[in-house]
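Report on one structure; see the data block that follows.
The values are calculated or read from the model by the stated rules, or taken from the named source; none is laboratory data. Computed from a predicted model, the values in this text were never measured in an experiment. Positions of Cβ are backbone-derived with ideal geometry, glycine not excepted, and every protein chain shown enters the neighbour counts.
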Amino acid sequence: MTDAWIRAVVEAIHSSPTQAVLYISGGASQVLGWLLSVPGASNTVLEVVVPYSRMSTIQLLGKIPTQFCSQHTAEEMALLAYNRALKLSRPGSPVLGVGFTGSLVSERPKLGDHRFYLSTRTADRLWISTVTLSKCLRTREEEDKISSCVLLKAIANACKVPATIDTGLTESEVSDECEKQFTEEQELEQLISGKTSFKVYPFSSVATSICGGAYPCFELSAVNADKPPLSVSQIKDRVKQFEKAGKTVIISNQPYFYKKAELFPGSAFVIGVDTVIRLINPKYYDGDYKKMLEILIGCKRTGCTFLVAGRNVDGVFKILMSQRN
């Protein structure tokens, strides 16, 4: 049965607007039960992945890490979780990526330290904690509970929920913590470089009943198929237009619609007929007509549709039907 104080912290987390994806390996398993056993979990938890085997971790990271249990690995897991949360969350909701990797008591005595690393990532903050436990002091279950308490505290902190948590650490086991804050400029630089998937500026609060439960908003790509990437100052200038109009805008780094479809599956893209002309131009598919068809069919499989508006092209008003030939 969950301790009363743990339940109170989890209830506070579920009452916050933050939505999270958790990647946890090598410990802190009890925190999953705590989060999921308290009503309201669907408000917070978008997805949980436990890459417990080495191969599972390799596939998650897309590479073989220098060390499976390390600060760097926890940080990378948190960033991956953050980007995943962006894709799964309600547009405009604050999102959280959580990464945890541990080396706790096992069947055979360990030569190295009993330790764990955890990281939380939000739009403007990266937080990392390293804890080395005293050996031969606790059982596996006890070490798992301590790591779960430390992780729960970190999640509460990232959700901006005040929480007094007795982690069970001794004076010699105080966690080593570090934090990085990101400015808006740094967030956009990370977006342009591809480190993060997109950034939402939620300037409007629109009922999701519009468009059959969808969330109408604008999308601006920082990367263009035919031009150099936008600079941070250019992006900020363009965002101001939407802020003045009170319209939500998403800044992405995907110049091609088939990539946008992967990023926003199930979306209805409202585009002009001039954009359709480029959409079905083999030039943007390495000049390969067959490749273009395969990619567009793949785009259809994501559940995306296109609403095409007429546009004045070279002095002539054109509509979709006029492009059939």
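So, in the range 10-34, of the ones that are surrounded by fewer than 24 Cβ atoms within 10 Å (Cβ to Cβ) and aliphatic (A, V, I, L, M), which residue ends up nearest to Lys87 (Cα to Cα)?
Step by step, filter the range 10-34, then rank; the result is Leu32.
Among (1) closer than 30 Å to Pro228 by Cα; (2) assigned by TED's automatic domain parsing to the domain that holds Gln30; (3) aliphatic (A, V, I, L, M), there is one condition Val161 misses while meeting the rest; what is its number?
Exception for Val161: condition (1).
Being at pLDDT below 95, farther than 24 Å from Pro109 by Cβ and not in a loop (DSSP other than H, G, I, E, B) is the filter here; which residues of the range 154-176 pass it?
Glu171, Asp176
Regarding Val45, is this residue modelled with pLDDT of 95 or more and either among the acidic types (Asp, Glu) or closer than 18 Å to Val95 by Cβ (or both)? So that I can check it myself, show each step before the final result.
On the way: modelled with pLDDT of 95 or more: yes; either among the acidic types (Asp, Glu) or closer than 18 Å to Val95 by Cβ (or both): yes.
So Val45 passes the test.
Output yes when any residue across the range 87-95 is modelled with pLDDT of 95 or more, within 30 Å of Gly266 (Cβ to Cβ) and among the hydrophobic types (A, V, I, L, M, F, W, C), and no when none is.
Yes - at least one qualifying residue is present in the range 87-95.
Provide a single number: the residues in the range 80-112 that are in contact (Cβ under 8 Å) with a residue 12 or more places away in the chain and over 25 Å from the mean Cα position of the chain (by Cα).
If we filter the range 80-112 for residues that are in contact (Cβ under 8 Å) with a residue 12 or more places away in the chain, which is where we start, we get 80-106, 110.
Remaining after also requiring over 25 Å from the mean Cα position of the chain (by Cα): 103-106, 110.
The number of residues fulfilling the criteria is 5.
Looking at (1) over 23 Å from Leu133 (Cβ atoms); (2) in contact with a Leu (Cβ under 8 Å, 6 or more places away or on another chain), which is the one condition that is false for Ile24?
(1)
Kindly provide the set of residues from the range 126-146 that are in contact with a helix residue (DSSP H, G or I) (Cβ under 9 Å, 6 or more places away or on another chain) and either in a helix (DSSP H, G or I) or on the phi > 0 side of the Ramachandran plot (or both), ordered by number.
Taking the range 126-146 first, the residues in contact with a helix residue (DSSP H, G or I) (Cβ under 9 Å, 6 or more places away or on another chain) are 126-134, 137-138, 141, 144-146.
Residues satisfying the conditions are Glu141, Asp144, Lys145, Ile146.
If you go through the range 51-96, how many residues are crowded, with 16+ Cβ neighbours inside 10 Å and either among the aliphatic types (A, V, I, L, M) or in a strand (DSSP E or B) (or both)?
So the count comes out to 12.
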